[in-house]
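The values are calculated or read from the model by the stated rules, or taken from the named source; none is laboratory data. Just so you know, these numbers come straight off a predicted model, no measurement behind them. A quick note on method: Cβ atoms are made from the backbone with ideal geometry, for glycine too, and the neighbour counts reach across all protein chains shown.
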Amino acid sequence: MERKLNLILLGAPGAGKGTQAELISARYGIPAISTGQIIREEIASGSELGEAVKSYTSKGELVPDSVVIDIIKARLAKDDCENGFILDGFPRTVPQAAALDEMGVCITDVISIEVADEDIMTRMSGRRVCKKCGATYHVKYKPSPAGENCGVCGEPLTIRADDDPAVVKSRLEIYHAQTEPLKEFYDQKGLLKIVYGQEKLEDTTALTAAALEG
Ligand code: AP5
C-alpha cells in the first residue's frame, strides 16, 4: 500500500506544478487541489467571490491571503482529502503556510519544481487550456490529441489571460519575492525536496516520483 501523501508542490508560474499534480493524483488516487483553478472557476461562474478577485489574477497579483485561506479550509474539509491530497499553488506566502499549520494540517512532503525564468517565459507562450474541464496542453511539449480542441472534452482550447508575457514577468517577480521564501520555511522543517524541471514532461515526472519514493 502507498504511504499517505499530503503534498505541497512549490514552483514558479509555469514550472509544471499542475502538470505533475495531475499525474501524481492519478497514481496515488488523491485529489490535486489548485487554488488557481478554483479561482478561475469562481471568476467564470460570475460569483461574488469571482468578481472580487478577478482584478488581482488578471494583473498576475496574488489574491489576498484571507480569501485563499478560506478557499483551502473549505476544500480540505471535503471527504476526498481524507486519504491525502496535493496542493498546487498553495501556500504562496509565509502567512498562508502558517495558516496551514494553524489548521493542524500535517504536510508529509514538499517538492519545489525549479525552472529558469527564461525557460518559463518560452513555455508559457505555448500553453493552451480548456476552460470547460481545466485540462492543460502545450503546443510543442504536450499537444492535444484533438488539435485545437481539448482531448478530454472537445472544447476549443484557449490562452490564459495571465499568460500574456508582461503579466508572466510580473508573476515571476511576485514568485521570487513572496513564494520562494517558503523553500526556506519548509527546508527548516526537513520537508523540502528539489526537482529540476526538465525539457521533457516524462523526465520531470520520473524525478518527481523518485523524490517522493526516496
Ligand atoms: P495558478 O493557476 O496557480 O498559476 P501559477 O502558479 O502561476 O501556475 P501555473 O498554473 O501558471 O503553472 P504550473 O506550474 O501549474 O504549470 P503547468 O503545469 O500549467 O494561479 C493563477 C493566479 O491565481 C495567481 O496568479 C494568483 O492571482 C491566484 N492565486 C492562486 N493561488 C493563490 C494563492 N495561494 N495565493 C494568492 N493568489 C493565488 O505548465 C505550464 C506549461 O508548460 C504547460 O503548457 C505545460 O504543458 C508545459 N510544461 C509543463 N511541464 C513541462 C516540461 N517538463 N517540459 C515542457 N513543458 C512543460
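Condition check ((1) charged (D, E, K, R); (2) touching a helix residue (DSSP H, G or I) at 6+ places or on another chain (Cβ under 9 Å); (3) modelled with pLDDT of 95 or more) across all residues:
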| position | (1), (2), (3) |
| --- | --- |
| Glu148 | yes, no, yes |
| Pro156 | no, no, yes |
| Asp163 | yes, yes, no |
| Ala166 | no, no, no |
| Ile174 | no, no, yes |
| Tyr186 | no, yes, yes |
| Lys189 | yes, no, yes |
| Ile194 | no, yes, yes |
| Leu212 | no, yes, no |
Original post:
Restricting the search to the stretch 29-49, which residues are over 15 Å from Arg160 (Cα atoms) and more than 17 Å from the chain's Cα centre (by Cα)?
Top reply: Gly29, Ser45, Gly46, Ser47, Glu48, Leu49
Original post:
Does Leu49 meet the test of being in a loop (DSSP other than H, G, I, E, B) and either in contact with a Phe, Trp or Tyr (Cβ under 9 Å, 6 or more places away or on another chain) or farther than 28 Å from Ala116 by Cα (or both)?
Top reply: no
Subject >> Out of Asp65, Asp88, Asp70, sole residue that is closer than 25 Å to His138 by Cβ and either more than 11 Å from the ligand (Cβ to nearest atom) or of a type in the set (Asp, Glu) (or both) >> reply: Asp88
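Take the conditions more than 23 Å from Tyr28 (Cβ to Cβ), charged (D, E, K, R), away from the ligand (no atom under 12 Å from the Cβ) and part of a helix (DSSP H, G or I) and apply them to Glu173. Does it pass?
Criteria not met by Glu173.
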Original post:
What are the residues in the stretch 73-85 that are away from the ligand (no atom under 12 Å from the Cβ) and of a type outside the set (A, V, I, L, M), if any?
Top reply: Lys73, Lys78, Asp79, Asp80, Cys81, Glu82, Asn83, Gly84, Phe85
Subject >> Residues (among the polar types (S, T, N, Q) and closer than 19 Å to Glu61 by Cβ) located in the stretch 9-49 >> reply: Ser34, Thr35, Gln37
**OP:** Only one of these is of a type in the set (A, V, I, L, M, F, W, C), within 16 Å of the chain's Cα centre (by Cα) and surrounded by fewer than 16 Cβ atoms within 10 Å (Cβ to Cβ): Ile194, Ile174. Name it.
**Re:** Ile194
Original post:
Restricting the stretch 132-149 to residues that are part of a loop (DSSP other than H, G, I, E, B) and more than 13 Å from the ligand (Cβ to nearest atom), which is surrounded by the most Cβ atoms within 10 Å (Cβ to Cβ)?
Top reply: Ala146
Subject >> Close pairs (9 angstrom Cβ cut-off, 6 or more residues apart or separate chains): more than 19 Å from Ala52 (Cα to Cα) in the stretch 63-84, basic (Lys, Arg) anywhere >> reply: Cys81/Arg75; Asn83/Lys4; Gly84/Arg3; Gly84/Lys4
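Here's the yes/no breakdown for (1) more than 7 Å from the ligand (Cβ to nearest atom); (2) aliphatic (A, V, I, L, M):
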{"residue": "Gly16", "(1), (2)": "no, no"}
{"residue": "Glu41", "(1), (2)": "yes, no"}
{"residue": "Ser47", "(1), (2)": "yes, no"}
{"residue": "Lys59", "(1), (2)": "yes, no"}
{"residue": "Ala98", "(1), (2)": "yes, yes"}
Subject >> Close pairs from the stretch 150-163: first farther than 21 Å from Ser125 by Cβ, partner at pLDDT below 95 and outside any loop (DSSP other than H, G, I, E, B), Cβ under 6 Å, at least 6 apart >> reply: none
Original post:
How many of the residues in the stretch 84-125 are outside any strand (DSSP E or B) and under 27 Å from Val167 (Cα atoms)?
Top reply: 20
Original post:
If you go through the stretch 85-126 one residue at a time, how many are over 21 Å from Glu180 (Cβ atoms) and touching a residue at least 60 places away in the same chain (Cβ under 8 Å)?
Top reply: 4
